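Enquirer: Structure incoming, see below.
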Protein chains: 2
Amino acid sequence: MATIHDVAREAGVSIATVSRSLNGAARVNPETRRRVIETAEALNFRPNLAARGLATGKLGNVGVLLPDVSNPFFGPIVAGIAQVAQERRFGMFLADSREDPSVEPELVARLSQQVDGLILIASRLEDDDVRVFAQRRPTVLVNRLVDGVDGVAIDAAQGMDDLLTHLARMGHTSVLYLDGPAASRSGRAKRAGLTAAADRLGVDLRIAGPHAPTFAGGRAAAQKVVDSGRTAVIGFDDLIAWGLLTRVREMGVDVPGRLSIAGFDDSLDEGMVTPGLTTIAARSGSMGTIAAEMLERRLADVTLPPASELLRSTLVVRGSTGPVESTREAARAIG
Amino acid sequence: MATIHDVAREAGVSIATVSRSLNGAARVNPETRRRVIETAEALNFRPNLAARGLATGKLGNVGVLLPDVSNPFFGPIVAGIAQVAQERRFGMFLADSREDPSVEPELVARLSQQVDGLILIASRLEDDDVRVFAQRRPTVLVNRLVDGVDGVAIDAAQGMDDLLTHLARMGHTSVLYLDGPAASRSGRAKRAGLTAAADRLGVDLRIAGPHAPTFAGGRAAAQKVVDSGRTAVIGFDDLIAWGLLTRVREMGVDVPGRLSIAGFDDSLDEGMVTPGLTTIAARSGSMGTIAAEMLERRLADVTLPPASELLRSTLVVRGSTGPVESTREAARAIG
DNA sequence: ATGAAAGCGCTAACAC
DNA sequence: GTGTTAGCGCTTTCAT
């Protein structure tokens, strides 16, 4: 691999001039610069990033921490970050905590060393730890908000409120919520939104969990749901709701006739599940690009006031929810 | 951030001794070592990886290139790599080509600078390019094999052979194959396996494509499939097959009565699709860990002969394939 | 406009 | 067993 010295020798200039020519900034004779760039290309010179990092303290990398790369909720977020990073010619480090909050501090610490900024996706760190890390390295939170730290999240409380309101309108007075991972922060927001809405609406809400935020997690909960006798269930995410939906139908339960089911995220494509899943749609995929751009801004100016964005979500009603049976019959009787 | 100098000063030794104490290797007075380690911890010292990388040429990172992080086929592979990397205290760089082969060279070049080894997942680079890169940095290929380069792949040809054989036994004599991305190498192997099997079995095989390897890609192909009049379809992957299956059923086509559908990968969970998808199961998720371990071995000893592993796959017959209707009626008539 | 030289934090001879 | 020192490849004053 050619070094800056090789280029300098070949172009007949000093290494300082090579550095200047390549990095644009300082003033260099245009002719000299042209020659340097030419020979650099001829030698297929690539600046050693470690050396540059050592000299400048800027590594040109962003670090991403998430609970599970193979969770379809996170994939698009990572893809968004990757895209922005590539455009800005940043490298992307990835660490996967495998849903184990206890390894996060170590992973973050290790990441921090090789990156200029951090993007923590659905981190389960304590607020204080987040602040500590954010102090060391510019940090953006995804799907989690902490005072004083940049972040973008879906307004899960509002979404759940909309969802429960919808169910209440359909006559559901006793609803079950299948919670996700215990440590999930978005889970907290969801529970908060649900309980507040339940109080307001006079709905009897029961929370069950934790459950793995997966298709299998939803299926495993089916028996419990059926036994609960509730007329409507809300899942922590679409995957849980989907698994539940398929399993209860196999058990002969009519959806939405006997049981209304709703999810969260709108992560399923049209046609993946029948009947279509009522859910809360949020542009979760866009959180990746938003976070990356926030980080870029922060990197450019550390003194900026903390920014945070709460993405509004919208209720999407599909076939998996409907009026409670008695209501429906009553309506039929009246009609 | 504390440096090695701070630790040295605090512990009353030279920086060399600190380095030795922390890196284990050389002989250091146990008592001294203990003291150094203690003060290092007290100062929360973390060696600067860029500096170490500069000095040793070893970065302690692996680089991963793939076509699309959000494709569920790749997620588990990345997760496997991430896990092994974490155990070995390696960092993981990720680059996403977004299914665009033309950006791969640039991405690999950039990755190479910050990693000790490369894992190229489903790379669409030319064989020669792969060899060139592999020469610069230890490289392991995933789901792609190139002579002289370490790699692990699923034996797609064999899998497709098994699948077509199964269909032929069910009486299908005219089969359609929905191909995936044009540049996909595993796609080549699949086509090769299919055409060879078709010749041997006397099956009339038509290849259509390319198609996006997604659920939506499968749905988009539905009309074309129905119009083709074929009695059986094989999808490039389960996602395509799944999308197709849901769409044709919406169109009123009986599966497998009227149309048999099969996929590849066995990536869908039990219950996600009805009827269950006949497919080829391969431990694709394990390719991640296998690749990471291969890379580890290669990193430890560059002189090792190239290793390559071809994972056998197995046919999984579920409800989406069945005998052609005429055969079935004939059987009924006889029985 | 360009060159010389001092580091960035660490490792690895090489001395003692 | 421990200290000294010369780099690793680059950026960045400071001279000129």
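The values are calculated or read from the model by the stated rules, or taken from the named source; none is laboratory data. No experiment lies behind these values; they were computed from the predicted model shown. So basically every Cβ, Gly included, is an ideal-geometry build from the backbone, and we count neighbours across all protein chains shown.
Enquirer: With the checklist (1) at pLDDT below 95; (2) over 18 Å from the mean Cα position of the chain (by Cα) in hand, flag the one item A:S184 doesn't pass.
Expert: It is condition (2) that A:S184 fails.
Enquirer: Among what's in the stretch A:1-14 and is more than 9 Å from DNA strand D (Cβ to nearest atom) and small (G, A, S), pick the residue that is nearest to the chain's Cα centre (by Cα).
Expert: It comes out as A:A11.
Enquirer: From the set of residues in the stretch B:105-145 that are of a type in the set (D, E) and in contact with a helix residue (DSSP H, G or I) (Cβ under 8 Å, 6 or more places away or on another chain), which is nearest to B:M287 (Cα to Cα)?
Expert: Of everything passing the filter in the stretch B:105-145, B:D116 is nearest to B:M287 (Cα to Cα).
Enquirer: So which strands (runs of 3 or more DSSP E) are wholly in the stretch A:179-291 and hold at least 1 residues that are in contact with a Gly (Cβ under 9 Å, 6 or more places away or on another chain)?
Expert: So the answer is A:232-235, A:260-262, A:279-281.
Enquirer: Among (1) within 16 Å of DNA strand D (Cβ to nearest atom); (2) within 20 Å of A:A95 (Cα to Cα); (3) among the acidic types (D, E), there is one condition A:D68 misses while meeting the rest; what is its number?
Expert: Against the list (1) within 16 Å of DNA strand D (Cβ to nearest atom); (2) within 20 Å of A:A95 (Cα to Cα); (3) among the acidic types (D, E), A:D68 comes up short only on (1).
Enquirer: Report yes if A:E38 is over 20 Å from A:A2 (Cα atoms) and among the charged types (D, E, K, R), otherwise no.
Expert: Answer is no for this residue.
Enquirer: The conditions are (1) of a type in the set (D, E); (2) under 23 Å from A:T214 (Cβ atoms); (3) free of Cβ contacts under 8 Å to residues at least 40 places away in the same chain, and A:D266 fails exactly one of them. Which is it?
Expert: It fails just one condition, (3).
Enquirer: Please verify whether A:I81 is surrounded by 15 or more Cβ atoms within 10 Å (Cβ to Cβ), more than 21 Å from A:Q135 (Cβ to Cβ) and touching a residue at least 24 places away in the same chain (Cβ under 8 Å), treating the condition exactly as stated.
Expert: yes
Enquirer: Among the listed residues B:V7, B:V36, B:V62, B:V69, identify the single one that is buried (at least 23 other Cβ atoms within 10 Å of the Cβ), within 28 Å of A:R136 (Cα to Cα) and away from DNA strand C (no atom under 16 Å from the Cβ).
Expert: Checking each option against the conditions leaves just B:V62.
Enquirer: In addition: Cβ-Cβ under 9 Å, sequence separation 6+ or interchain: first residue in the stretch A:1-17 and within 14 Å of another protein chain (Cβ to nearest Cβ), partner of a type in the set (D, E) and more than 9 Å from DNA strand D (Cβ to nearest atom). Which pairs?
Expert: Once the first residue is within 14 Å of another protein chain (Cβ to nearest Cβ) and sits in the stretch A:1-17, its partners that are of a type in the set (D, E) and more than 9 Å from DNA strand D (Cβ to nearest atom) give A:A2/A:E10.
Enquirer: Working carefully through the options A:F90, A:F74, find the one that is over 15 Å from the mean Cα position of the chain (by Cα), surrounded by 22 or more Cβ atoms within 10 Å (Cβ to Cβ) and more than 7 Å from chain B (Cβ to nearest Cβ).
Expert: When all the criteria are applied, what remains is A:F90.
Enquirer: To continue, here is another question. Do we find a residue being within 30 Å of B:A82 (Cα to Cα) and either within 13 Å of DNA strand D (Cβ to nearest atom) or charged (D, E, K, R) (or both) anywhere in the stretch A:15-35?
Expert: No; the residues of the stretch A:15-35 include none that is within 30 Å of B:A82 (Cα to Cα) and either within 13 Å of DNA strand D (Cβ to nearest atom) or charged (D, E, K, R) (or both).
Enquirer: Here's a follow-up. May I ask you to list pairs of residues, at least six apart or on different chains, whose Cβ atoms are under 6 Å apart, with the first in the stretch B:48-65 being facing another protein chain (nearest Cβ under 9 Å) and within 14 Å of A:R110 (Cα to Cα) and the second being assigned to a strand (DSSP E or B) and aromatic (F, W, Y)?
Expert: Taking only residues 6 or more apart or on different chains, the pairs are B:N61/B:F93.
Enquirer: While we're looking at this one, here's another question. Would you mind stating whether B:T173 is hydroxyl-bearing (S, T, Y), out of contact with any Cys (no Cβ under 9 Å at 6 or more places or on another chain) and farther than 22 Å from B:E293 by Cβ?
Expert: yes
Enquirer: Could you list all residues from the stretch B:206-251 that are among the polar types (S, T, N, Q) and within 15 Å of B:P275 (Cβ to Cβ)?
Expert: B:T246
Enquirer: So B:Q114 ticks every box in (1) within 16 Å of DNA strand C (Cβ to nearest atom); (2) surrounded by fewer than 23 Cβ atoms within 10 Å (Cβ to Cβ); (3) at the interface with another protein chain (Cβ under 9 Å from one of its Cβ atoms) but one. Which box is left unticked?
Expert: The failed condition is (2).
Enquirer: Anything in the stretch A:299-310 that is at pLDDT below 95 and buried (at least 16 other Cβ atoms within 10 Å of the Cβ)? List them, or say none.
Expert: A:L299
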